Amino acid sequence: MLNTMSKHTLPDLALFGGTPLFAEKRFVGRPNLAPTDEILADMRQILDQRWLSNDGPYLKGFEAMLCQSLGVKHSIAVSNGTIGLELLIRALNLTGEVIVPSFTFIATVHALQWLGLTPVFCDILPETHTLDPQSVAALITPRTSAILGVHLWGLPCEITALEALAEQHGLKLIFDAAHALLCEYRGRKLGNFGHAEVFSFHATKFVNSLEGGAITTNDDALAERLRLMRNFGFVDYDQVEALGINAKMNEVCAAVGQSSLRHSANFIAHNRSNYRLYHKQLAQIPGLKLLPLPESSNFQYLVLALEQTEFGLSRDRLVQLLHAENLIARRYFYPGCHRAQPYAQLYPAAGAHLPVTEALAEKVLLLPTGTAVSAEMIEEIGELLGFVQSHAAAISAAI
Ligand SMILES: *Cc1c(COP(=O)(O)O)cnc(C)c1O
């Protein structure tokens, strides 16, 4: 039901007792799904084949599809993106300090800390929310072993500049590409850069395998090491060649991943159309800026920056008001990893050299997009935001 123009006066807002705009909660991350029948057919096939894990046919097929889609030589599918990062960090024998953004999902930093490395928080560029190469350069010490960049929201890092720094200082360069499947840097798919890159196929990601991840690389020896480590170091039925862990992706996840990847062009088309609609809806609203994304993006994240003086309300007040309307806008990645534990306690002064991170953490919010979000919803959200902005002063006074 189209519920346009449902807010005329302040008491119509759910925060003040009105009926919520949406009858059910609308989340930022609802999964993109392939048709149910396709998935069920694969489930039947998996039961028939009686092969549930350990390099099964669906796993092999999924890895081949990933290599094909990204134009990369090797893809090693794993049980989740976090363990993919950890395998890669170990396979590269990283030591000491690793330079990493604070403005990322906590797993990027946890992977380092979990393995006893020291994350060195680095500031980001305000335009792309990715590592600022100048800040990276300033943080390199004799203890630095690597740079871990994050292609946040699918926006590529400044790869050429980071490559030059890594080369100059003899550092490893790796990327957390959890958001960036099928996104590009200078015409080439992400997944091909640095020593290796790590994707996530968690339920909320652009392509999902329920839970899952993959490491991609063009380095043959590294790929072989990663494959060994993923399966306890086994090279044969009873021969173990290296320290390993269980990071295997099972057949069910690989099958769901395949079907999701097969439908990824539809997901992108839907996301892009959502992005354009939001752009149109938000263009007239002072103080709300939609993060520009390149045409080659997967458009999985709808990222806004709220300028409080222009909008008239704080970001946090707006989020509170939207939650009351059952619109579950999110403050990703508030408050920045350096302010989460254990990092806040370990590095209490980290914020001092992260001005862009700290400013963005106060003004970024994400709205729902993806295949679960319709054009009607976006129109309703646009009208709500317009109403709130034009009544910002009265709302402030009433709270
Ligand atoms: C989701 C995500 C991860 C972790 O991936 P999982 O598959 O959930 O372990 C890592 N980094 C970023 C930036 C993410 O968004």
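Only one of these is modelled with pLDDT of 95 or more, surrounded by fewer than 21 Cβ atoms within 10 Å (Cβ to Cβ) and either within 16 Å of the ligand (Cβ to nearest atom) or within 19 Å of HIS195 (Cα to Cα) (or both): GLU163, GLU127. Name it.
Residue meeting the stated conditions: GLU163.
Out of the residues in the stretch 210-223 that are open to solvent by 10 Å² or more (accessible area, probe 1.4 Å) and more than 14 Å from the ligand (Cβ to nearest atom), which is nearest to THR130 (Cα to Cα)?
Per the stated criteria, the residue is ASN218.
Can you tell me which residue within the stretch 4-52, out of those that are among the polar types (S, T, N, Q) and under 19 Å from HIS270 (Cβ atoms), is least open to solvent (accessible area, probe 1.4 Å)?
Ranking the candidates gives ASN32 first.
Could you list, in sequence order, all residues of the stretch 195-206 that are within 16 Å of the ligand (Cβ to nearest atom) and farther than 11 Å from ILE76 by Cα?
Selection gives SER200, PHE201, HIS202, ALA203, THR204, LYS205, PHE206.
With respect to ALA137, determine if the residue is small (Gly, Ala, Ser) and part of a loop (DSSP other than H, G, I, E, B).
No: the conditions fail for ALA137.
Just to verify a result, which residue in the stretch 106-119, among those that are surrounded by fewer than 22 Cβ atoms within 10 Å (Cβ to Cβ) and over 19 Å from ILE245 (Cα atoms), is nearest to the ligand (Cβ to nearest atom)?
Checked the stretch 106-119; the qualifying residue nearest to the ligand (Cβ to nearest atom) is ILE106.
Got at least one residue in the stretch 302-313 being open to solvent by 50 Å² or more (accessible area, probe 1.4 Å), without any contact (Cβ under 8 Å) to a residue 60 or more places away in the chain and of a type in the set (S, T, N, Q)?
yes
Please go through the stretch 15-74 and pick out each residue that is β-branched (Val, Ile, Thr) and at pLDDT 95 or above.
THR19, THR36, ILE39, ILE46, VAL72
Report every pair of residues separated by at least 6 positions or lying on different chains whose Cβ atoms are under 9 Å apart, first residue within the stretch 366-380 and at positive phi, second open to solvent by 40 Å² or more (accessible area, probe 1.4 Å) and not in a loop (DSSP other than H, G, I, E, B).
GLY370/HIS270
Conditions (1) loosely packed, with under 15 Cβ neighbours inside 10 Å; (2) more than 30 Å from ALA161 (Cβ to Cβ); (3) within 16 Å of the ligand (Cβ to nearest atom), marked per residue:
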position	(1), (2), (3)
ASN208	no, yes, yes
ARG225	no, no, no
LYS248	no, yes, yes
ALA255	no, yes, no
SER260	no, yes, yes
GLY287	no, yes, no
LEU291	no, no, yes
GLU295	yes, no, no
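List the pairs whose first member sits in the stretch 80-106 and is within 14 Å of LEU171 (Cβ to Cβ), whose second member is of a type in the set (D, E, K, R) and within 8 Å of the ligand (Cβ to nearest atom), and whose Cβ atoms are under 9 Å apart, counting only residues at least 6 apart or on separate chains?
If the second residue must be of a type in the set (D, E, K, R) and within 8 Å of the ligand (Cβ to nearest atom), the pairs left are VAL100/ASP176.
Which one is nearest to the ligand (Cβ to nearest atom) among residues in the stretch 170-192 that are of a type in the set (A, V, I, L, M) and within 17 Å of the chain's Cα centre (by Cα)?
ALA178
Just name the residue that is nearest to HIS151 (Cα to Cα) out of those in the stretch 67-80 that are open to solvent by 10 Å² or more (accessible area, probe 1.4 Å) and within 11 Å of the ligand (Cβ to nearest atom).
Ranking the candidates gives ASN80 first.
Pull out all pairs, ordered by first then second residue, where Cβ-Cβ is under 6 Å, the residues are six or more apart or on different chains, the first lies in the stretch 168-185 and is over 9 Å from ALA196 (Cα atoms), and the second is open to solvent by 50 Å² or more (accessible area, probe 1.4 Å) and more than 13 Å from the ligand (Cβ to nearest atom).
Pairs found: LYS172/HIS195.
Just to be sure before I move on: is LEU327 touching a Lys or Arg at 6+ places or on another chain (Cβ under 8 Å), more than 14 Å from VAL364 (Cβ to Cβ) and either touching a residue at least 24 places away in the same chain (Cβ under 8 Å) or in the same structural domain as LEU190 (by TED's automatic domain parsing) (or both) in the structure I sent?
Taking the combined requirement at face value, the residue satisfies it.
The values are calculated or read from the model by the stated rules, or taken from the named source; none is laboratory data. A quick note: this is a predicted structure, and the numbers were derived from the prediction, not measured. With ideal geometry, Cβ positions are generated from the backbone for all residues, glycine too; neighbour counts draw on all protein chains shown. For accessibility, only protein heavy atoms count, side chains too; no ligands or nucleic acids. Shrake-Rupley method; radii C 1.70, N 1.55, O 1.52, S 1.80 Å.
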